[in-house]
Structures are given as structure tokens and as C-alpha cells.
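Structure record follows, encoded as C-alpha cells.
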Amino acid sequence: MSKFGMYAKFTAKPGQRDALAAILLESAAAAETIDECELYIINISDNEPDILWVTEVWSSPEAHAASLTLEDTQAAIRRAIPLIAGIESTKIKPVGGKGLVFR
């Protein structure tokens, strides 16, 4: 089965990047208990004060979709929505590299 990945660019409302990052970091901590989540990294931009990037890798698209139905995930989304000005995402298919196990 192929892995599933995503790059998501979040544009926070002015002055809300750190608050949004805190919510996303809580989600990353919660993902530690989900075996199908192989990578969930929160990044901030040095030169764009309202931009955050999330890099995700999952065992499958279905595992990613299932994670979005969890109550904790839904609660985090509800808290984050007021802080977000925009989201752009790109689905990716990881094919190899350091840090991921491919079998």
C-alpha cells in the first residue's frame, strides 16, 4: 500500500500565527498515539509572519481521512478555524528518504 502525504500552508490571521501553531502542535502530540501517522511536523516561516507549514505522512489516505473524524481532531479544528485566514494543500506520495520506513 502506498503512503500518503500532504504539505499544507496555513495563513494565520494577523498576529495569530503562534496561537495557531500551538493548536497544531497539540495535534502533533495527539498524533503520537496514532500508529498510521508517520510524520506530522509544524513549521513556521522566517520571513512570512503569518505563515505555517504542516508536513504530514500517513500509512494510507484512509488513515489520514479517519484521523479527521476523531473527536479530538474535530475539537482542534473548531478552535483553529477562527485563527485561519486561508489554507492551501498539496497531496503528495512519499517514495523514499530518511526517516520513513518503506516495506
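Which of T73, T90, T11 ends up with the largest GNM mean-square fluctuation for the chain, with Cα atoms connected below 10 Å?
Of the options given, T90 has the highest mean-square fluctuation.
May I ask for the angle, rounded to the nearest 10°, between helix 71-80 and the longest principal axis of the chain, with both axes built from Cα atoms and the value confined to 0 to 90°?
For 71-80 against the chain, the angle is about 30 degrees.
Using alpha carbons only, how many angstrom separate the centre of region 1-39 from the centre of region 45-103?
When both Cα centres are located, 5 Å separates them.
Express the carbon and sulfur contribution to the solvent-accessible surface of the chain as a percent, rounded to the nearest whole number, probe 1.4 angstrom.
Exposed carbon and sulfur together represent 56 percent of the surface.
Leaving out ligands and nucleic acids, and using a 1.4 Å probe, what accessible area per residue does region 47-103 come to in Å²?
Heavy-atom accessible area per residue stands at 68 Å².
With angles folded into 0 to 90 degrees, how steeply does helix 17-31 sit against the dominant principal axis of the chain? Use alpha carbons for both and round to 10.
With both axes taken from Cα atoms, the answer is about 30 degrees.
Can you give the charge dipole size of the chain about its Cα centre, rounded to the nearest 20 debye, using +1 on the beta carbon of Lys and Arg and -1 on the beta carbon of Asp and Glu?
Dipole magnitude for the chain comes out near 280 debye.
Looking only at GluC sites (Glu not before Pro) in DSSP loops with at most 16 other Cβ atoms within 10 Å, what is the longest site-free stretch of the chain? Each step should come with its number before you reach the end.
On the way: sites that count: E32, E36.
Free of exposed loop sites, the longest segment is 37-103.
Which one, A80, P49, T69, projects farthest toward the positive side of the charge dipole computed for region 1-100 from Cβ point charges (K/R +1, D/E -1)?
The Cα lying farthest towards the positive end belongs to P49.
Would you calculate the separation in nanometres between label points at K98 and I44, each defined as 7 Å from the Cα along the Cα-to-beta-carbon direction?
2.5 nm
The values are calculated or read from the model by the stated rules, or taken from the named source; none is laboratory data. As the structure is a computational prediction, the values presented were derived from the model and not from experiment. All Cβ positions, even for glycine, are placed from backbone atoms using ideal geometry, and neighbour counts span all protein chains on display. Just so you know, the surface numbers come from the protein's heavy atoms only, side chains and all, with ligands and any DNA or RNA stripped out. Shrake-Rupley method; radii C 1.70, N 1.55, O 1.52, S 1.80 Å.
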